[in-house]
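> Please see the structure below; I have some questions.
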Amino acid sequence: MTELRNIFHQPPQRTMSISTINYREPYFPKPDRSPIIGKPTFESLYQLIIDLQANVQSIYSHLGGGTHGHLGLIMTPTQYAIHLTTPCDRPTHPGTLTIPVGTTRLAVERNHIESLRVFHEVRGVEQALTQQLVTAIDNKYLIAFKNRATGQFNRTLMQIMQRLRNTYGNISQAQLINYEAEVTNMTYDPTTPVDLVFGKIDDLVMYGEFANCPYTATLAITKGYHILNNCGNIHNDYIRSWNRIQPNQKTWNRFKNHFRQAYNKLEATNALSIGALRFVLANFWDEVVDRISTELLHRANLTSDNVPVQSAPVANATDQNLIQELLDQNKDLIRCLTDAKNKSQDLPCRSVNGPKQGQPSTPLPLRYNKYCWTHGRCNHQGSDCRNKAPGHKDEASMSDKMGGSTFACPFN
């Protein structure tokens, strides 16, 4: 008995009162949400997850790096690793307080109390989120997650969300592949907020979760890197600085913050507008070359089809003259575009202050047959305009300009 007493000193146990905290109303930015009508779908579950993520991040926690609240409660480890390199381990109950001989009672007791506090905090936050889930989804779709005898859920919130995704929101492999291709081929206009790119990739990551093909941080970053790198050289300096970051420090959140700062700096120096002009000119030049090459090929095919087989190598004089004329036009057009592109590099970018007026110095191509309130006759509709002037009207048309631009428009 003496030896047993010497191993552990068991002081009288102090009971710690755990107060019940209402996390939903004072902390959650979305304490109340509309219920899902009928059977859950991908869209309704996706929005529910977004709302729960916003709520769970609003309560501070040092778990998982201390920057995303209790986000680890509703994310799988793979999904959480996209945002942070520090894993979020769910705390367990510390058990009965036991103070070994030779240790400081105060320090051990303090650590035990803190462990209890964290455990009950995580449990309380999870219960608040679970209650939101229960009020959002019809009970008949949640029966499988409850204990028949007690009526209580027998799974964690993360497990319930996974089961709901697999049962009611499953995304097929074909849908995932199609959406991934859409994201990969995305053309980003650098004058628009860079979060349009991030939102697209965040949706792809969620698609992967619903399809049970989760994406890693590396894949998400690669998608964003590819899209930004393909919109001209405007992000070159920031791409180089990103490449200098250590691989183990590259997270999806850090990537987003890095290029958000880049966007803000470029916008502040007017570099976005100048870079976008070069980007548009380069794309326009490529488009013109493609169109002319297609036309030449079409003309060559017509010539080949109309000439008898025995004399196919000899094209008639009219076709030869037409091809030469197109080639001469091609050279002139390329020279004009090149001069315009070189001049644009030295010109400061002006913001659009009102509808463009007047007439062009040279006739516009026939394919410029659309109307924009800001730019007049051009190659895009007003609703698709990327650089709208103040007071821009999407619904304006060539017949009803609504006080908009008359540039290159025929006189009425």
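The values are calculated or read from the model by the stated rules, or taken from the named source; none is laboratory data. Being a predicted model, the structure only gives us computed values, none of them experimental. Every residue, glycine as well, gets a Cβ built from its backbone with ideal geometry; the counts of neighbours run over all protein chains shown.
> Scan T96, T135, T130, T92 and give me the residue that is out of contact with any Gly (no Cβ under 9 Å at 6 or more places or on another chain), in contact (Cβ under 8 Å) with a residue 24 or more places away in the chain, among the β-branched types (V, I, T) and within 30 Å of Q249 (Cα to Cα).
Answer to the selection: T92.
> Let me ask something else about it. What residue, of Q132, Q175, is out of contact with any helix residue (DSSP H, G or I) (no Cβ under 6 Å at 6 or more places or on another chain) and surrounded by 17 or more Cβ atoms within 10 Å (Cβ to Cβ)?
Going through Q132, Q175 in turn, the sole match is Q132.
> Would you confirm whether any residue within segment 145-154 is assigned to a helix (DSSP H, G or I), assigned by TED's automatic domain parsing to the domain that holds Y23 and modelled with pLDDT under 85?
yes
> Continuing with this model, one more query. Quick check: is even one residue across segment 186-202 within 17 Å of T76 (Cβ to Cβ), charged (D, E, K, R) and either part of a helix (DSSP H, G or I) or not assigned by TED's automatic domain parsing to the domain that holds F255 (or both)?
yes
> Follow-up question, since we're still on this one. For segment 66-87, what are the residues that are in contact (Cβ under 8 Å) with a residue 24 or more places away in the chain, surrounded by 20 or more Cβ atoms within 10 Å (Cβ to Cβ) and closer than 19 Å to R155 by Cβ?
H70, L73, I74, M75, Q79 - these are the residues of segment 66-87 that are in contact (Cβ under 8 Å) with a residue 24 or more places away in the chain, surrounded by 20 or more Cβ atoms within 10 Å (Cβ to Cβ) and closer than 19 Å to R155 by Cβ.
> Every residue in segment 63-119 that is on the phi > 0 side of the Ramachandran plot and at pLDDT below 85, please.
G64, G65, G66, G102
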